[in-house]
Amino acid sequence: MCKWGDTTEVRLCKPKRFSGKIFVAVDSCIASIVQALNSAGIETTGSCCGHDKGRGSITLADGRELLITPCEPSPTPRTDE
Ligand SMILES: [Zn+2]
């Protein structure tokens, strides 16, 4: 997670509907994911990494939302059974 204001410019696959911008500032720690989606032609409308205060999300133009959650550590096999 990055601090609020730590952003990276991402090139969208389509200009934003209202501003017409093609480059937008995205939270740096999820910028590569947002860029990958847009590079693949998946239109995103917003994103936030959560900034360590909650889950992050990436909203898509089709109305769906991708949630960004921390990866749970994989369970270690128990040896005492
Ligand atoms: Zn972040």
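The values are calculated or read from the model by the stated rules, or taken from the named source; none is laboratory data. Everything numeric in this text was worked out from a predicted model, so none of it was measured. Every residue, glycine as well, gets a Cβ built from its backbone with ideal geometry; the counts of neighbours run over all protein chains shown.
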Practice task
Could you tell me whether the range 3-24 includes any residue that is among the small types (Gly, Ala, Ser), assigned to a strand (DSSP E or B) and within 16 Å of the ligand (Cβ to nearest atom)?
Solution key: no
Completion exercise
Taking the range 37-49 and the residues there that are within 16 Å of the ligand (Cβ to nearest atom) and surrounded by fewer than 18 Cβ atoms within 10 Å (Cβ to Cβ), the one that is nearest to Lys14 (Cα to Cα) would be Gly46
Completion exercise
Selection over the range 57-81 where residues are within 11 Å of the chain's Cα centre (by Cα), of a type outside the set (S, T, N, Q) and modelled with pLDDT of 95 or more yields a count of 5
Fill in the blank from the handout: Residues of the range 25-51 being of a type in the set (Val, Ile, Thr) and assigned to a loop (DSSP other than H, G, I, E, B), in sequence order, are Ile42
